[in-house]
Amino acid sequence: MSATPQIPPISQIEGKTIIDLIASGKRLDGRGLLDHRGFDIKAGIIEKANGSAHVSLGKTKVLVGVKVEIGEPFSDVPDQGVLTVNAELVPMAYPLFEPGPPDENSIELARVVDRGIRESKMVDLKKLCIIPNEKVFVVFVDIYVLDHDGNLIDASAAAAAAALLSARINKFEVKDGEVSLLPETMPLPISNIPVTMTFAKIGGPIVLDPSLEEEQVMSSRLTVTIDKEGRLCALQKGGMGYMTVEDVKECVRLAMEKAPRIRGLILEAVGYGKD
Amino acid sequence: MSATPQIPPISQIEGKTIIDLIASGKRLDGRGLLDHRGFDIKAGIIEKANGSAHVSLGKTKVLVGVKVEIGEPFSDVPDQGVLTVNAELVPMAYPLFEPGPPDENSIELARVVDRGIRESKMVDLKKLCIIPNEKVFVVFVDIYVLDHDGNLIDASAAAAAAALLSARINKFEVKDGEVSLLPETMPLPISNIPVTMTFAKIGGPIVLDPSLEEEQVMSSRLTVTIDKEGRLCALQKGGMGYMTVEDVKECVRLAMEKAPRIRGLILEAVGYGKD
Amino acid sequence: MSATPQIPPISQIEGKTIIDLIASGKRLDGRGLLDHRGFDIKAGIIEKANGSAHVSLGKTKVLVGVKVEIGEPFSDVPDQGVLTVNAELVPMAYPLFEPGPPDENSIELARVVDRGIRESKMVDLKKLCIIPNEKVFVVFVDIYVLDHDGNLIDASAAAAAAALLSARINKFEVKDGEVSLLPETMPLPISNIPVTMTFAKIGGPIVLDPSLEEEQVMSSRLTVTIDKEGRLCALQKGGMGYMTVEDVKECVRLAMEKAPRIRGLILEAVGYGKD
Amino acid sequence: MPQLSPEDLFRNGIRVDGRRWNELRPIRMEVGVLDKADGSAYVEHGKNKILVAVYGPREAHPKHIALPDRATIKCRYHMAPFSVEERKSPAPSRREIEISKVIREALEPAILSEYYPRTSIDIFIEVLQSDGGSRCAGINGASLALADAGIPMRDLVAACAVGKIAGHLALDLSDVEDKLGEADMPVAYMPTYNSVTLLQMDGVFTHDEFAAGLELAVENCKKIYQMQKEALRRQYLEIGSEGIEANR
Amino acid sequence: MPQLSPEDLFRNGIRVDGRRWNELRPIRMEVGVLDKADGSAYVEHGKNKILVAVYGPREAHPKHIALPDRATIKCRYHMAPFSVEERKSPAPSRREIEISKVIREALEPAILSEYYPRTSIDIFIEVLQSDGGSRCAGINGASLALADAGIPMRDLVAACAVGKIAGHLALDLSDVEDKLGEADMPVAYMPTYNSVTLLQMDGVFTHDEFAAGLELAVENCKKIYQMQKEALRRQYLEIGSEGIEANR
Amino acid sequence: MPQLSPEDLFRNGIRVDGRRWNELRPIRMEVGVLDKADGSAYVEHGKNKILVAVYGPREAHPKHIALPDRATIKCRYHMAPFSVEERKSPAPSRREIEISKVIREALEPAILSEYYPRTSIDIFIEVLQSDGGSRCAGINGASLALADAGIPMRDLVAACAVGKIAGHLALDLSDVEDKLGEADMPVAYMPTYNSVTLLQMDGVFTHDEFAAGLELAVENCKKIYQMQKEALRRQYLEIGSEGIEANR
């Protein structure tokens, strides 16, 4: 059952400083209100995974591994592969994270990243069908948060996209209903690249890519996912406060404007298209 | 592991009042010692379930939904359908109920209701076999307690009986080992209707259908289930005290005497027999 | 997650007595430093199990039951039976044991016993294959600790060995891919008998078979398993302190020296070889 | 069951259940329906049947969740096993856990939780039957149950969803429409603040579809808000109702 | 295994194990069998092999279960994985959870728990081998283990079951009899109070069968009660035994 | 994948990855790699990639684990789902639970936990990629992370394993070697005390193999110890480093 979180200790003075600075259009780390922190994306670092990527977003660090196995389709879509996104907020990453089964925060994180991938049709699940009703590729996207300095959603979404873009699976043959994997590999069937951006309302203004300190004083956040055609494909409001209708519209407009640059960073990191 | 429950707060004065009243043959709500509170039974209120019923017993409210799916038989009875009863004491119903997996109270509730249905052979499980060893109908009876004002067993048992009586399942065809469901429906194969009555020992006397306050001062309770031939088909003593051998005999005698009226109420509510 | 245990209450005075005694080559119960407590092994006491044994080691009591069922092999060893060892530290055995899923202590106990059986190849798993890839015998070894007075590992390992030696399974026939069990029984295919000995470092000296009080003051323990050829087949250091390299070598040497006597006790208890 | 295509859902501007694109399903609200709860409400929204109970402010349990400066809001959105086509296991699904969180966050801004430090206000939403839009209906019921429990609030929260079917914007999707539709966007709204307290979306919206959809959702949240007030008025007619009415 | 029919269980008045309809299986009771527990007992009842340990009165754990005016009684009925035909998973089943509760409620009336407020008295029943009637045998052992732990009691609780096989009333069903029989009714009884502390039943009994069955159960509980006292006497012969003997 | 035999792993004294019998895999150690943790380290050991974070001394949580006379050491060895060939479920396996315990016990003797009574020192080992020997690599990283957190220590703990392949003793088995090999013995060692803090073994060793293997392990633990000190020196070059260097 969901409960109001214990807000971790941030001094009132520090909180007021952040809010006052933002009211005057500035941020503690010198960024403009609508700037991302530095985005560093490295793909292909876990050799045992089919795909992987490590993203640093400022001091936030997320590792995503993609494993592809052969399994059964869901009975309502027997001709499609399966995609599943899971997130772990391992206790290494933050003093208040605890070991144990996923809590509401890791579940929300996984589901928001999942929606961006699924609704943009990033992975063409139909092409992951091997034998309808029987065997399909199952794609596991595992988000592993290593260092939490705010805005886990955007770092995780970018890492998931880069990991999927970098993933390679074995080619296969089906003979007499038996699947055999071939030594050659191929990329996953990718048909879109979603970009996810999170805005926070702190006092009156809206800021992009909130840091941990900013998350501790924000009243609410809005996550916006934009597909490569510039359309909206996922939204998620979070936090204990509200946004005005105008705030919401502005966030969506800004996300549409800024998505191509981030998509470019991801594509560059994975060297996609060279295949 | 079972532990003596924390008895919820009832003032000593109120407790004494209840006990004294009962000693003089009266009850707080004006009932006679062997009267039920008002029984209101409504069947068929959850359209998405195969069967359903809502029972109010005084201020106690229970909803039972019946879902019927196709599944596998148990290996020791390969030619019988499966019946499973589950109860949830959702936290909505009472300040001390907590979310989480079933505790000993909800498990006991489900198992006592289950025994009444199973031992009376209410549902003819043999007729729920589709293909022996392979496919049978699985009947899920889910008890949902919405408002707890005492005697959950009798309210749940009546709701379960009404829900099963009201349930309809699809007719089916088997061709070449394949099952296909037809659009027409039929009732479940019903061959008995158990009636469950719970007595509480409060001070010396026995009362029928204890309210919540009465449960808080009772020394023990006895639940008696009677089938339509007037035979005993389940017993369950509960509570931290004892009953004399004479108490037990008297409860069984009373239950046999009073069962037909309650069975009539259930049948009337579901309009059974009009089919 | 593993945490430094709460050491159960042993008075400082008692602890010092134990340590001082051992420093002078003596023990509270009069044993020599390298003596076992009395070992009492009784096999075949649970008729419903395929094999069973009860071991008393001083006041420590362990019961092991072996059940053999037909199941599926692991996909990486499709022509071998399955062996699985599980341990329960039931709350009956010790004031600080709690009901619930296995904790790190019961998991370690089970895994150390498992390693001794598995690495010595006590049970010839290849001979437990019925139909490769499909059906094999699955051997469940369940360790049940009834009274905890120290050195659960050695008592459990001896009981597991005796239970496996005493176990009988049905002979079987395979016809047209169908398995049928015959009324005659046969022993499990046994090809070795591991013996497990645990040493504790208390102050400077090493003692064999620590009692509960000794475990409460030991700095570390070393468990050594020896197969019937006198070779080492499992080691496990435990406890919050260390052992010198010389301590370790001495324990291994001693275990090799003393293993045959314990193996003799086990064989005698089960009357192995008379079959 | 015959397979429907998205186009079947919207023929000549009329939807399968006879509604136009901008019509809500029938809504019924009842307040104070349970005995033990401090506040309760029952909402039927199309075929959704949802019961909400509120307990509190009461002692926070377990104690460590208590907050020094405000009440802890606890929220559970839970589906009965028989509420959906295929029986649902009683254990909370990932979907239910996420929805419990976003509903809590949709209600937090409306509750004057600073009035009751160190206590807990517990909201239990039980979906007895689900037919698309149950989180919105749950929020509508929860606002009523909170008011019924006498919890002081800044405003009532009203919620509804807007989606897209076969390329058309459509208000308040039912389950079959949601499954075959291209997008769904639930919105919770506090009229007094012209503010959004829940916003989720999946599917694909162009910028213009989004903007029009948001307007449509807000407009209909306002209608639902009037129904909520009406439901409270019916319940409290005789008592006179100040607290909540102060926000009109 | 050849299939038995119910009729095979009762031929010429003799049951498969040679007993008559009103005979108990052989019973063996031993007190004080464990070192660490405060009290313990071992019971063999037919092929049932049951070990019971009692700890307490001791500090209640976790603390919030402590009661201001009496000891909290905790009870766990648990089956070893190897105790039944098909290996049982160690996790507690719904059956074990229910039986733990009814056994606790069967023992509560006998324990003078008001002597030890804020403490806990913990009863652990381990079924090492099960063969029908294990809850009754567990109660018989638990009474002995409580007495062995020095817990003051109003009376010992004795228990046995009565069932019906092929239309005949039969005492103390074994597992095979229970599975093929038509009814089973376990009864726990305190002779000094002529009172029933556990009563369950499943199957079908006419009124007369029930009445006769209850008499038969009570009569045999009294026999078991004598065996319990005998077992305690053997254990405490040298010490002299007042407390428990006061109830004779 | 072509099936390897044990003999393939050791041809002409050379192992599949080109090493000789007594060679370690390449090892890389980095200290202070995380922002939020009080101390951290990253270790690559062959294809093992392991991240370790240390928090503490901090308030023990939950409180009842606090000890009156020393810090509670908590340790979690955990594998990422993508760290192994077949995706691992995130729930802790029995293997991970056992390894968490033996790693904690390998580190306890080195930590001066008596300096911080009633607190907790928490060690989180995350295996991002596993290739045989991850518990040893985890211990090596944990020692560094503890030092990086400024936890006072008696010594650094260094660890490596010795195994047997096709009858030959072999240092530091990789995953494929471990699976086809005949024995594996991980050893953790504190050079200053010439003492073993972790010792496990499975497989079969004669007495002489064991004795030679233990020597080989100790010798290579000493080499790893030098690498650990070098890694700390690189990190703290500018600051000067007393505490940990006192042990040289």
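Observations
- C:Val207 vs. criteria free of Cβ contacts under 8 Å to residues at least 12 places away in the same chain and β-branched (Val, Ile, Thr): no
- Pairs where the first residue, in the range D:67-78, is more than 8 Å from every other protein chain (Cβ to nearest Cβ) and within 22 Å of D:Leu51 (Cβ to Cβ) and the second is assigned to a strand (DSSP E or B) and of a type outside the set (A, V, I, L, M, F, W, C), C-beta under 9 Å, 6+ apart: D:Tyr77/A:Ser2; D:Tyr77/D:Glu126
The rows are residues; the columns are (1) crowded, with 18+ Cβ neighbours inside 10 Å; (2) modelled with pLDDT of 95 or more; (3) in a loop (DSSP other than H, G, I, E, B).
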site: F:Gln3; (1), (2), (3): no, no, yes
site: F:Asn22; (1), (2), (3): no, yes, yes
site: F:Arg25; (1), (2), (3): yes, yes, yes
site: F:Glu44; (1), (2), (3): yes, yes, no
site: F:Val52; (1), (2), (3): yes, yes, no
site: F:Pro57; (1), (2), (3): yes, yes, no
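- Exactly one residue out of D:Asp155, D:Asp184 is outside any strand (DSSP E or B) and either basic (Lys, Arg) or within 23 Å of A:Val245 (Cα to Cα) (or both), and it is D:Asp155.
- The one condition in (1) more than 29 Å from C:Glu104 (Cα to Cα); (2) touching a Leu at 6+ places or on another chain (Cβ under 7 Å) that C:Asp29 fails to fulfil: (2)
- Selection status of B:Pro187, touching a helix residue (DSSP H, G or I) at 6+ places or on another chain (Cβ under 7 Å), surrounded by fewer than 21 Cβ atoms within 10 Å (Cβ to Cβ) and at pLDDT 95 or above: no
- Counted residues, the range D:64-102 - those being outside any loop (DSSP other than H, G, I, E, B) and over 30 Å from B:Ile70 (Cβ atoms): 11
- Scanning the range D:59-84 for residues that are within 21 Å of the chain's Cα centre (by Cα) and surrounded by fewer than 21 Cβ atoms within 10 Å (Cβ to Cβ) yields D:Pro81, D:Val84.
- Residue in the range A:218-227 that is within 30 Å of A:Pro73 (Cα to Cα) and surrounded by fewer than 24 Cβ atoms within 10 Å (Cβ to Cβ) present: yes
For every residue, the table says whether it meets (1) away from every other protein chain (no Cβ under 12 Å); (2) under 13 Å from the mean Cα position of the chain (by Cα); (3) assigned to a loop (DSSP other than H, G, I, E, B); (4) at pLDDT 95 or above.
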| position | (1), (2), (3), (4) |
| --- | --- |
| B:Asp35 | yes, no, yes, yes |
| B:Ile45 | no, no, yes, no |
| B:Ile70 | no, no, no, yes |
| B:Pro73 | yes, no, yes, yes |
| B:Leu96 | no, no, yes, no |
| B:Lys127 | yes, no, no, yes |
| B:Val136 | yes, no, no, yes |
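- Residue within the range A:158-169 that is among the polar types (S, T, N, Q) and within 14 Å of chain F (Cβ to nearest Cβ) present: yes
- Here E:Arg95, E:Arg87 are screened, and the one residue that is without any contact (Cβ under 8 Å) to a residue 12 or more places away in the chain and facing another protein chain (nearest Cβ under 7 Å) is E:Arg87.
- Looking only at the range F:194-211, residues that are at the interface with another protein chain (Cβ under 9 Å from one of its Cβ atoms), surrounded by fewer than 24 Cβ atoms within 10 Å (Cβ to Cβ) and over 19 Å from the mean Cα position of the chain (by Cα) come to 6 in all.
- Taking (1) in contact with a His (Cβ under 7 Å, 6 or more places away or on another chain); (2) surrounded by fewer than 19 Cβ atoms within 10 Å (Cβ to Cβ) in turn, B:Asp209 satisfies each apart from (2).
- Here F:Thr119 fulfils each of the conditions (1) over 14 Å from the mean Cα position of the chain (by Cα); (2) closer than 16 Å to A:Pro91 by Cα apart from (2).
- Of the listed requirements (1) within 12 Å of another protein chain (Cβ to nearest Cβ); (2) on the phi < 0 side of the Ramachandran plot, B:Gly58 misses just one: (2).
- Of all the residues in the range A:212-241, those that are part of a loop (DSSP other than H, G, I, E, B) and either among the small types (Gly, Ala, Ser) or more than 10 Å from every other protein chain (Cβ to nearest Cβ) (or both) number 6.
- Looking only at residues in the range A:100-109 that are touching a strand residue (DSSP E or B) at 6+ places or on another chain (Cβ under 6 Å) and free of Cβ contacts under 8 Å to residues at least 60 places away in the same chain, the one that is surrounded by the fewest Cβ atoms within 10 Å (Cβ to Cβ) is A:Ser106.
- Summed over the range B:110-125, residues that are assigned to a helix (DSSP H, G or I), in contact (Cβ under 8 Å) with a residue 40 or more places away in the chain and aliphatic (A, V, I, L, M) total 4.
- Test result for B:Glu119, crowded, with 16+ Cβ neighbours inside 10 Å and under 22 Å from D:Pro90 (Cα atoms): no
- Condition broken by D:Pro191, with the remaining ones in (1) touching a strand residue (DSSP E or B) at 6+ places or on another chain (Cβ under 8 Å); (2) at the interface with chain A (Cβ under 8 Å from one of its Cβ atoms) satisfied: (2)
- Considering only residues in the range E:103-132 that are assigned to a strand (DSSP E or B) and more than 21 Å from E:Leu34 (Cα to Cα), the one that is nearest to the other protein chains (Cβ to nearest Cβ) turns out to be E:Ile111.
- Residue satisfying condition, being hydrophobic (A, V, I, L, M, F, W, C), at pLDDT 95 or above and in contact with an Asp or Glu (Cβ under 9 Å, 6 or more places away or on another chain), within set F:Leu146, F:Leu180, F:Leu198: F:Leu198
- One residue alone among B:Met240, B:Met256 is farther than 20 Å from B:Val113 by Cβ, in contact with a helix residue (DSSP H, G or I) (Cβ under 7 Å, 6 or more places away or on another chain) and crowded, with 19+ Cβ neighbours inside 10 Å, and that residue is B:Met240.
The values are calculated or read from the model by the stated rules, or taken from the named source; none is laboratory data. Note that the coordinates shown come from a computational prediction; the quantities given were computed from them, not determined experimentally. All Cβ positions, glycine included, derive from the backbone under ideal geometry; neighbour counts span all protein chains shown.
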